[in-house]
Every structure is written in structure tokens, then in C-alpha cells.
């Protein structure tokens with residue numbers, strides 16, 4: 001199947017180094033699609049988890065290889081570290097086809113300016129009560145591990161996939177209120193940069209909508225939702241969903257709303 005070509009792609013929250021990472025879905029997406037520019041919008045590598053226990057299967061290494069290989073073949077890679085890989089913020093700079101930046105302004109083909117950030121800088125818990133953020137992360141990883149046995153039983157009963165972690169997150173009123181407050185804070189922050197939209201990740205909640213006259217795009221994640229944003233050659237933005245399905249020959253899309261491997265030759269040695 002011929003690769004689909006996009007002007008730009010945006011992925012975030014892969015969390016390589018955790019058992020919850022859906023590396024196979026990332027690889028399928030990267031193999032099926034070509035783009036002029038690829039934004040990796042934070043939490044590529046989950047250093048928090050790696051500090052607790054070492055988990056790094058070959059598929060996670062393959063994701064890093066594939067991203068760097070795209071850079072060697074002409075794709076511009078822009079990496080914006082998040083809170084789980086914040087140590088890499090000390091390596092801001094240009095490394096061949098790879099740029100490590102704190103934030104970026106992306107201009108779409110139709111002339112719109114988008115602020116691209118991970119989003120943790122607007123998360124008051126991450127910024128002010130970091131120990132609580134660590135505790136919350138441990139709890140979330142525990143729920144992810146429980147998804148396996150829960151869905152094993154569901155398959156035995158002839159039922160489809162169901163995410164315990166997503167259910168708990170969406171049922172907790174404080175979490176729902178946090179997501180709403182986070183989105184409003186991101187939009188207010190974006191106005192300081194004189195942009196028409198903002199694209200972020202961080203909260204593992206994909207979104208494609210307009211908030212107070214500002215386009216709000218959230219990549220989601222590659223842990224549960226397996227979503228990504230792409231920009232078409234005409235500047236149109238789309239949220240791609242259903243990327244976790246191995247049998248899906250065509251990517252599911254949510255349209256923008258109006259107002260092959262080779263030996264690894266690393267270009268940058270990333271400290272982990």
C-alpha cells in the first residue's frame with residue numbers, strides 16, 4: 001500500500017519505556033504515512049517510569065530508529081520535550097534534521113499560525129506539586145496494567161475491548177474539571193503569541209474544536225487512544241483515530257471544524 005503523504009504530522013505522549021506504550025501502533029502510522037515535517041510533542045520517552053524500572057523492548061527501539069530514519073530521508077523532525085522527558089530540555093538545539101525546542105510556532109499551508117507546546121507548563125499540579133504528579137502517574141500505570149486481565153476475562157465472555165483506566169479517568173469529576181480548566185488555560189496562553197490556534201498533548205485527551213475563537217488541537221496519546229494530528233497539503237487539519245487497529249487499511253479521520261527498516265545510525269545520543 002502506497003504511503004499517504006501529509007505536509008505535517010503531530011504525535012505526542014508515546015511513553016516509550018512503559019508497558020502501556022502502543023509501539024506497534026506508532027510504527028504502523030510512521031510506515032503508512034510520509035510527511036515533510038514531524039512534530040513530536042512531548043513525552044516521547046517516559047523517564048519517570050524508566051527510573052522506577054527498566055523496560056525497553058525492541059519495538060520501542062524501533063520507534064526511535066524509525067523517527068530518526070525519516071529525518072535522514074528528508075523529514076524535518078521537531079521535538080518538544082514534555083514533563084516525562086523534561087531532562088531533554090537541557091539539549092535544546094539543532095542536530096541535523098532534528099530540532100529540540102521548548103515550543104514552536106507552526107505556519108500552516110493556508111497561512112494560520114499555531115502554537116505547538118506539550119502543555120505541562122500549564123498544569124498546576126506538575127508545576128507546583130510534583131510529588132503528587134508522580135503519585136498520580138504510578139496510579140495511572142497501575143490501572144493500565146489492570147486493563148490486561150480485565151480484557152482477558154471480557155474476551156472469554158465474548159465482549160469487546162474496554163479500558164478500565166480510561167473509564168476511571170473520565171468518571172472522576174475532578175479529572176473532568178481539570179481537563180476543562182487545562183483547555184481554557186492553553187487557549188488563554190496561546191493568545192499571548194498572536195496565533196490562530198494551539199496544538200498540544202499532555203492530558204491524553206484528543207480534541208479538535210474551537211474554544212473562544214481559538215482552534216484547539218490535542219494529539220491525544222499512543223497509550224490508549226492512539227491518535228495523531230496531520231496537516232494536509234492545503235493546510236487542513238485532521239485528527240486521525242483508530243490507529244491501534246492492526247487490520248485498518250485506511251486511517252479513520254475527524255475533519256477540521258470551521259471557526260523497510262535499516263541498521264540504526266543515531267544522529268543524536270539521547271541520555272536515558
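The values are calculated or read from the model by the stated rules, or taken from the named source; none is laboratory data. Keep in mind the model is a prediction, meaning the values are calculated, not measured. Every residue, glycine as well, gets a Cβ built from its backbone with ideal geometry; the counts of neighbours run over all protein chains shown.
General observations
- Matching entry among 14, 27 (being touching a helix residue (DSSP H, G or I) at 6+ places or on another chain (Cβ under 7 Å), within 21 Å of residue 76 (Cα to Cα) and surrounded by fewer than 24 Cβ atoms within 10 Å (Cβ to Cβ)): 27
- Filtered by the rule that a residue be assigned to a loop (DSSP other than H, G, I, E, B) and over 23 Å from residue 99 (Cβ atoms), the stretch 4-59 gives 18, 19, 20, 21, 22, 53, 54, 55, 56, 57.
- The one condition in (1) under 18 Å from the mean Cα position of the chain (by Cα); (2) at pLDDT 95 or above that residue 82 fails to fulfil: (2)
- The strands (runs of 3 or more DSSP E) found entirely in the stretch 192-239 that carry 3 or more residues being over 21 Å from residue 36 (Cα atoms) are 207-211, 214-218.
- Count of residues meeting criterion [in a loop (DSSP other than H, G, I, E, B) and closer than 16 Å to residue 11 by Cα] in the stretch 60-83: 5
Listed here are the residues, each with its yes/no results for (1) at pLDDT 90 or above; (2) under 18 Å from residue 119 (Cβ atoms).
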| residue | (1), (2) |
| --- | --- |
| 140 | no, yes |
| 143 | no, no |
| 151 | no, no |
| 180 | no, yes |
| 195 | yes, yes |
| 200 | yes, yes |
| 212 | yes, yes |
| 218 | yes, yes |
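The rows are residues; the columns are (1) buried (at least 16 other Cβ atoms within 10 Å of the Cβ); (2) farther than 25 Å from residue 242 by Cβ.
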position	(1), (2)
18	yes, no
39	yes, no
63	yes, no
94	no, yes
104	yes, yes
107	no, yes
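- Given (1) assigned to a loop (DSSP other than H, G, I, E, B); (2) over 23 Å from residue 237 (Cα atoms), index of the condition residue 88 fails: (1)
- Filter result for residue 45 (surrounded by 20 or more Cβ atoms within 10 Å (Cβ to Cβ) and under 22 Å from residue 19 (Cβ atoms)): yes
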